[in-house]
Structure formats: C-alpha cells, structure tokens
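Nothing in this text is a laboratory measurement; each read-out follows from the coordinates by a stated rule. All figures in this text were calculated on a predicted structure; none of them were measured in a lab. Cβ atoms come from the backbone with ideal geometry, glycine included; neighbour counts cover every protein chain shown.
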Amino acid sequence: MKKIATFIIVIMGIFGLASAQGDYEAFTFSQADYLGTARFMGAGGAFGATGGDFSALSTNPASIGLFKRHEVTFTPMALSFGYTDNYYYGNFNSAQKFKYTVPQAGIVMANSIHRDNEWKFWQFGFGYNRIMDFNRSARYSVTNVNNTLMNMVLNNVQGLNCHNLTGDALLAWNCWLIDTVPGTADQYYSYLTNKDLDQRAVVTRSGAIDEMVFSFGGNYGDKLYIGATLGVPILDFKEVTTYAENPSNEPNIAGITDYSLYSEQKNSGAGVNLKLGLIYQPASFVRIGVAFHTPTYYRRITDNFYRDIVTHLSNGTTLSDAADPQHTYSYNNYNRFTLTTPLKANIGASFLIAKRAFVSAEYEFQDYGMATLYNDNYDYFAENELIREKYGISHNVRVGGEVNITEGFALRAGYRLKTTPYKRTNNEYDNTTHFISAGLGFRGKNMFADLAYVLRLNKDSYWLYDPVGEPGLTATKAHNVVATIGFKF
C-alpha cells in the first residue's frame, strides 16, 4: 500500500512543490552593512555629512560634491576571519570561516565650472561598493534531546491526505520517517517522537550584495553639495544546511539507525534604486548631511532550492522489508520572485577641526516591515503578513573621526550600531550588531593608501527547523582587515 502510494505522490510532487521564499529571504536580502574603502571602514562609515569618499556614494550621494580632483580608488584586499560560538540546548560548539574579498572599486571625475558661476564643480562617479557580505558558518549539536524535526512535519500534515504530500512531508514519508496511523489516510505519526535523540547541524552561508553605483553631483559655492546615485545591487546568496538525528540510548528506533537532511538554497538577481542627498556647510567648521533611499526593486530573483533526506535502516527490524538499507529521496524547486526592500533615510553632522581633523555622526532608519514579496503566479499574502508581524524599524548609528598627525599621515576610529529589527524583544530575537573600527592612512599629492581594522560583533538566534522548541543561539565575532589604494589627478 505504502509503496504504491509513494509512486503516486512522487509524480504529483513534481507539480506540487511549495515556494521556498518567505520572511527569511525578505529580511536577509534587505540588509546592508556597507563595506568599502579602508578610510570609510576605519572611520565607522560616518561620511554622510563629511563627504569626499567613494563608498559614501552608497549612503549619502552628496559625498561626491566634495571632490575637486579626479580620483580612482581600489580596495584589493578585505580579509575576514569569522568565529562563531553556538549554543543549542546548553551545548556549546564553535565554527570558523576565512574569506577574501574585493569590496570596492571606483572612479570620480570632478570638473570645474567658470569662476563667475556659483556652481563651482560638477562630478560624475562610477564603480561598486559591497553593501552586504553573507559569509557565515555555524555548528550546532546536542545529545538526549526530546524533540525532533518530525514534530514540525507532523504538525503540518495532520488532516492532509497521503496522496497530496509535498516538500519535506513527502521526503519524510518516502524515507520511512512518518507514516499514517493504521486505518487512516490523513492522520500521521513518527517513530522518532518522544524519543531521546542526538542532533547535529552545520549551517554555512556565502555570497554578497555588490552595488554598482552611477553618481552625479555638484558643488554650489562651497556651501551646498548635492548628489544622486542610481544603484544597481547584484545579489548572490547561498546557504547550505546539513542536519542529522540518531537515537541517543539505543542502536535504532523501529529500524531507523539515523537519518540526515541536506538543504541547499541559491539566490541571484539584480535590482535598482535611487539615492538622493545633500550636504550643507553653514559654517567653516560644520556640515549637515541628509539622504533618502528609495526601496530597491528586485524584478526577478531566481530561487534554486534543493533538499534531500537519507535514512539508514538496520536489517531484521520493523523496516527490514526495505530492499536497500539506505533510502535517499530528494526534490528540487526552481522559481523566480520579486522583492521590494524598505526605503531608508539618514541624517548626520560633521565637525571640522582646523582642517586637520573631523568628528562625524549620523543616524539611519529602515523599517523592515515594509519589505514585500510577490510574483505573477503567487500573491505571497501569508508571507507578507508575517513580515509585517515579525519585523519593524532598525536604527543605525555611525560615529567616526579622523585626525591628521602630520600633513600626510592620519589616524581614524569609528563605531557602528545596527539595532535588531525584530518586534519581539526577548533574547531569542536579539540581532543587534556592533562594529568597532580603527585605521590609518597616508596622503601624498597624487596618491594615497589606507588600512583599516573592523571588529564585527553580533548575536542572533537560529531555528534548525520551524520555530518549535529551543533555537540555537549564535554569537559571531569577525575580524576584518581592509586595504585601499587610490590616485588623484
């Protein structure tokens, strides 16, 4: 009976796979941590009112108005050493990840205007900044836990006819992890529920969002600087999860010695946004900056989702009639969807000290509850409602400064805070991120070189499956070293 039903379900499942997108993707792809030049990173990214740095074209495009010479910048090295401490049901594990990236390259052309004109310069800039880096790795394990992934599967399938199963439920059915209660076709049980199990999981993320920027600006009387940036963010994301369960205190449960689940998600796409900004200098020692970012519109994000389950069985037990002691079933899902990310706005002030130093601070807000998913074939109503319920405003504060020790040598320091966007305030949803930075730079007449160090600290939660039971708590510490070289002409 079950083998015949399995064949029917596999055929139906090819046409009945559910979409993999949800609030998780909307939140993840709406984030920005703003990587870039070593000067930008070393001073905490607080250039929204200071201006004069290429990476600030992605935060306040009026930054371009401060350029009075042509400039080329290239950041050929950004090294990241990430360390993640993971706690799951009180059990501790750690993971490490090393990554090398090239987070920025760009050129700004500054052209002077006739001296009798109050408009003194106009500028054009082109290049890219890395606005989000997804590279992370986490590892979880626990022994003797009385919970299982099958609890989630069972919660979702009760009352559903066995001929209509899809996705994870179909995999669990095919791999003997769930079955119908004898005499029914829509009530299910699992041999693994209410059993002590050992669980292990490894979650690895990779990819980034690199934003191509096309910027135009002007300088009016060395008092007002304006700018606009057309941003084209390019998304590349991959997440791989391996998860396994096996009995803690016995060799098998009803013939199941262990099973593992492998999940791979890949997303790619490109979007477009517009950023408008101005910087006003009412006095020689102060500048005020304001910027507005429209939502980013991703027209077609591709979603490739692969998932399989492998169950190992022992011979001579309840499931000994299986032809092969290892059963493997999988499904693929390919889809395209549209994402509109939340708008942003920021305001800041920079204080200039005797043309030898500056101290700058800015505030930016973003309401993640405004993110929206949709496509032509599915309305994403439930997913968008969950986004509104789960996410709110994230407050971003950037503070930094620079001091010229000599005419050509500068020291920098900065701090960034990105508060949690989750509406819930308990520790399960704490996603606040801190960035602590320092840097130094050399400035010559026609070239410059900068070096920065950034410490990124973050605490977050991660459910190995649907939010039932206890989440894994993750504390991430990443050391980043960034080097930039540039030329003026």
Set the Förster distance to 35 Å, then compute FRET efficiency between Asn111 and Asp376 from the Cβ-Cβ distance, nearest 0.05.
0.20
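How much length is gained if the chain between Asn156 and Val272 is pulled fully straight, taking 0.36 nm per residue apart and subtracting their Cα-Cα distance, in nm to one decimal?
Details: separation 116, 0.36 × 116 = 41.76 nm, distance 3.73 nm.
Separation in residues times 0.36 nm, less the Cα-Cα distance, equals 38.0 nm.
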Calc'd 3J(HN,Hα), segment 135-140, phi into Karplus 6.51 cos²θ - 1.76 cosθ + 1.60 (θ = phi - 60°), Hz, glycine/Pro = x, comes to 5, 8, 8, 9, 9, 10
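How charged is the neighbourhood of Arg412? Take every other residue with its Cβ under 14 Å from the Cβ of Arg412, and add Lys/Arg as +1 and Asp/Glu as -1.
Details: positive: Arg39, Arg356, Arg398, Arg416, Arg443; negative: Asp53, Glu402, Asp450.
Neighbour charge sum, excluding Arg412 itself: +2.
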Mind scanning Lys459/Lys488; Lys99/Lys344; Lys68/Lys238; Lys238/Lys344; Lys238/Lys488; Lys445/Lys477 and naming the pairs with a C-alpha gap bigger than 31 Å?
Lys459/Lys488; Lys68/Lys238; Lys238/Lys488; Lys445/Lys477
222 nm mean residue ellipticity, helices alone, for the chain (DSSP H n ≥ 4; -39,500 (n - 2.57); rounded to 500):
-3000 deg cm²/dmol
Inter-site label distance for Ile234 and Tyr453 at 7 Å from Cα along Cβ, in nm:
3.3
Taking 0.36 nm per residue of sequence separation and subtracting the Cα-Cα distance, how much length would be gained by fully extending the chain between Thr419 and Phe216, in nm to one decimal?
70.0 nm
Using Cβ counts within 10 Å as a stand-in for footprinting exposure, how do Phe27, Phe381, Phe285 rank, fewest first?
Phe381, Phe285, Phe27
Please list, by residue number, every one of the trypsin sites (Lys or Arg not before Pro) in segment 250-312 that is coil in DSSP and has at most 12 other beta-carbon atoms within 10 Å.
none
Karplus ³J(HN,Hα) for segment 204-215 (6.51 cos²θ - 1.76 cosθ + 1.60, θ = phi - 60°; Hz, whole; x = Gly/Pro) runs 10, 10, 8, x, 6, 10, 9, 9, 6, 10, 10, 10
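Considering Cα pairs under 8 angstrom that are at least six residues apart, work out the relative contact order of the chain and quote it in whole percent.
Working: 1464 pairs, mean separation 91.3, N = 489.
Once normalised by length, the contact order is 19 percent.
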At 0.36 nm per residue, and after removing the present C-alpha to C-alpha distance, how many nm does the segment from Phe351 to Ile288 gain when stretched out fully?
21.8 nm
Residue-ordered couplings for segment 370-382, obtained by feeding phi - 60° into the Karplus form 6.51 cos²θ - 1.76 cosθ + 1.60 and rounding to whole Hz (Gly and Pro as x), are 8, 4, 9, 10, 5, 7, 6, 10, 8, 8, 6, 4, 5
